[in-house]
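The values are calculated or read from the model by the stated rules, or taken from the named source; none is laboratory data. Source: prediction; values computed, not measured. Don't worry about glycine lacking a Cβ; one is built from the backbone with ideal geometry, like all the others, and counts go over all protein chains shown. The protein model used for the area step is the full one, side chains on, heavy atoms only, and it has no ligands, DNA or RNA in it. Shrake-Rupley method; radii C 1.70, N 1.55, O 1.52, S 1.80 Å.
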Protein chains: 2
Amino acid sequence: MNQQGPVVAIVGATGAVGTTMIEIIDARPSVPWGEIRLVASPRSAGKVLRVRGQDTTVQALAPEVFDGVDVALFDVPDEVSAEWAPIAVARGAVAVDNSGAFRMDPEVPLVVPEVNAADATNRPKGIIANPNCTTLSMMAAMGALHREFELRELVVASYQAASGAGQPGIDRLYAELAALAGKQVGNRSGDVAEALREAGLGSDSPFPAPLALNVVPWAGSLKDDGWSSEELKVRNESRKILGIPDLKVSATCVRVPVVTTHALAVHATFGQDVSVDAARKVLAAQPTIMLRDDPAAGEWPTPAAVVGEDPTWVGRIRQALDFPNTLELFVCGDNLRKGAALNTYEIAETVAASL
Amino acid sequence: MNQQGPVVAIVGATGAVGTTMIEIIDARPSVPWGEIRLVASPRSAGKVLRVRGQDTTVQALAPEVFDGVDVALFDVPDEVSAEWAPIAVARGAVAVDNSGAFRMDPEVPLVVPEVNAADATNRPKGIIANPNCTTLSMMAAMGALHREFELRELVVASYQAASGAGQPGIDRLYAELAALAGKQVGNRSGDVAEALREAGLGSDSPFPAPLALNVVPWAGSLKDDGWSSEELKVRNESRKILGIPDLKVSATCVRVPVVTTHALAVHATFGQDVSVDAARKVLAAQPTIMLRDDPAAGEWPTPAAVVGEDPTWVGRIRQALDFPNTLELFVCGDNLRKGAALNTYEIAETVAASL
């Protein structure tokens, strides 16, 4: 660390998550960083971004940018993290990585600070992984409920925002909505895909089907037996974060035409007796959870209301009528904040506090 | 029935479902109706609509419009059906009702022809009920799988289209999308609700929150213990249609910014061994189901691709990794067609065939 304080590098500083990371650093005075380095691909190098009141030039990713860095935050594709996080570590940094490259590595802790902060101290590779945004959206709530009621089973359906696919996902959704505005399509007489083609929107989309006026039951890549990588991440990462190796999980991941904030319908079965009132009490006591659960007053979480917020919002808590010890919940979390940049930064705060 | 053939009345002929019903009657020559009467509220009476090539004047709802009618199809609010279906029966018609007024009446069969057509013949009140559109979207698939593998449990999350709230729902979604076009909202710096207010869209929406760039975990009215009426319909109607009084069901119903076609993520547990291949074989053999299940080829059901189609599309079939005898599926069905008008009309075809 330099004389003024620890040095942090943000790798992928110009992407959707990197941009959110800078907003969070500006808003949270928690760490008196001595220096904040912005790093990106050579394409974005040279851009000047304002961070904590300072104009800061984005540097091209190179081994030297990690010299003197204490904590390096990575939000880049898996293969970039796989190559560069170890380089940052070799140059002396702790790497906090938001890609999928290291999450299931047994020598890399996968951390949600309010659930398993202690795991962050055991990092034989010098790398700490940040969970997938879909998993992360429900972890604060599931961690709190698990401590009290012993989580056994999760059946999850997701409503995932376009920004889960980064800035290209956001751009594409806005472009599709602009192209369809005023057109009466998505019905028997007007085809959405055709209207997009007519408007000149090609098939070079981050999504495998039109997203405007549609939902798309696919996120990630194809794994064994028809599962998507996103669905398996929800299963495997939940098990690792919660420390329940035999947690039963089934997830269906679906993209929806929302810009930012993932939502999840969760069916959670516990080993102990659980009631709606007891669950509400546990959740209300968590500093990073907001209960929004009063349907009579029209109160429940929606992505449009949650976006830009740090806490996870939880509502629609119901006791399953036919399944013992089981709750239904609807959870919304900003996938760029708690789902990505915020949790990564919270890990960085933990690391900085121990330097 | 008159000399030319049976007489059918469509009550609610000018609504979203009524309009679809007329399209279906035009397209399906199955029944040589002697007369097709269009009926609506006094507000819509006098309109002239074209049905099977004939200009037909919409009549105001009154007891006399049912004189000589063999089959009366109702798509009107619960309280209108509750009052008028018995009047149609008293005047000699069989009433096929798509409201919630009679569905759980033990003396009224609740019918999906490919699942329980035989139930339609036992109608002590002269009324046959058509299921709720959300339930109906998965019934053809669940009925076929139940016959083979004995369905025991359903955990369902819905992605419900705006037209489930009728023409006002469609109009509102288009109006919201038009108001937001070109605006970078739904993110940290632009609030959807505020943008709608600024565009002059009031709170007189059929939805309890903005639907554009959002998902809303609410449909229907509030019932006991935080459940929505829509969620309880999925449970109670599934049990009745499938003839499984102790079927375990948990549903979470969520509105999404799609015009027409409901989608469901279904976690289905069976009493018998089940495999993806065996399930595919059963589903592929159903005339009213289209398998769209090849993720490697980018093939799965989406609402935008399904809208206007008669069959239910089923895809994303996966064996649950941690739950025995359990499949995950993603199902899409046009909520105005199979979810409402088409199933109602299929019941009418069954009744007409027995006259």
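Observations
- Centre separation in Å (Cα based) which lies between region B:271-303 and region B:70-144: 29 Å
- With all protein chains in place and a 1.4 Å probe, the accessible surface of region A:202-355 carries 48 percent carbon and sulfur.
- Accessible solvent surface per residue of region B:71-204, calculated while the other protein chains remain in place, 1.4 angstrom probe, Å²: 37 Å²
- Accessible heavy-atom area order of A:232, A:327, highest first, probe of 1.4 Å: A:232, A:327
- In chain A, helices alone account for a calculated mean residue ellipticity at 222 nm of -9000 deg cm²/dmol, with every DSSP H run of four or more residues adding -39,500 (n - 2.57).
- Total accessible area lost when A and B pair, probe 1.4 Å, Å² to nearest 100: 5800 Å²
- Panel note: contact residues of region A:134-164 (accessible area lowered by at least 50 Å² against the chain on its own; 1.4 Å probe) correspond to A:155, A:159.
- Cα-centred dipole magnitude for region A:156-257, charges only on beta-carbon of K, R (+1) and D, E (-1), debye, nearest 20: 280 debye
- Sequence-distant residues sharing a close amide H with residue A:214 (under 5 Å, placed H): none
- Distances in nm from residue B:41 to the matching label points in the other copies, shortest first (labels 7 Å along Cα to Cβ): 5.6
- Loop trypsin sites (Lys or Arg not before Pro), region B:1-79, which have at most 14 other Cβ atoms in a 10 Å radius of their Cβ (DSSP): B:43, B:47, B:52
- Most to least accessible of A:317, A:87 (protein chains only, probe 1.4 Å): A:87, A:317
- Exceeding the 24 Å Cα-Cα cut-off - candidates B:223/B:338; A:183/B:183; B:183/B:338; B:125/B:240: B:223/B:338; B:183/B:338
- Compared with its chain on its own, region A:322-345 contains the following residues whose accessible area drops by 40 Å² or more in the full protein assembly (probe 1.4 Å; ligands, DNA and RNA excluded): A:322, A:323, A:330.
- Ascending list, in nanometres, of distances separating the residue A:57 label from those of the other copies (7 Å, Cα toward Cβ): 8.2
- Partner shielding of A:261-273 amounts to 3, given as the average count of beta-carbon atoms from other chains within 10 Å of each residue beta-carbon.
- The string of couplings for region A:91-96 from the Karplus curve (6.51, -1.76, 1.60, θ = phi - 60°) is 8, x, 8, 8, 9, 10 Hz, one whole number per residue in order, with x for Gly and Pro.
- For the protein assembly as shown, the Cβ-based charge dipole about the Cα centre amounts to some 400 debye (Lys, Arg positive; Asp, Glu negative; other atoms uncharged).
- Distance between modelled label sites at residue A:83 and residue A:52, nm, 7 Å Cα→Cβ extension: 3.0 nm
- Amide H contacts of residue B:72 (H built 1.01 Å from N, under 5 Å, at least 5 apart or other chain): B:9, B:94, B:95, B:96
- Residue B:202 label point (Cα plus 7 Å toward Cβ) to equivalent points in the other copies: 4.7 nm, shortest first.
- Approximate spin-label separation residue B:276-residue B:296, in nm, with each point projected 7 Å along Cα-to-Cβ: 1.0 nm
- Charged side chains reduced to their Cβ positions (Lys and Arg at +1, Asp and Glu at -1) give region A:228-305 a dipole of some 260 debye around its Cα centre.
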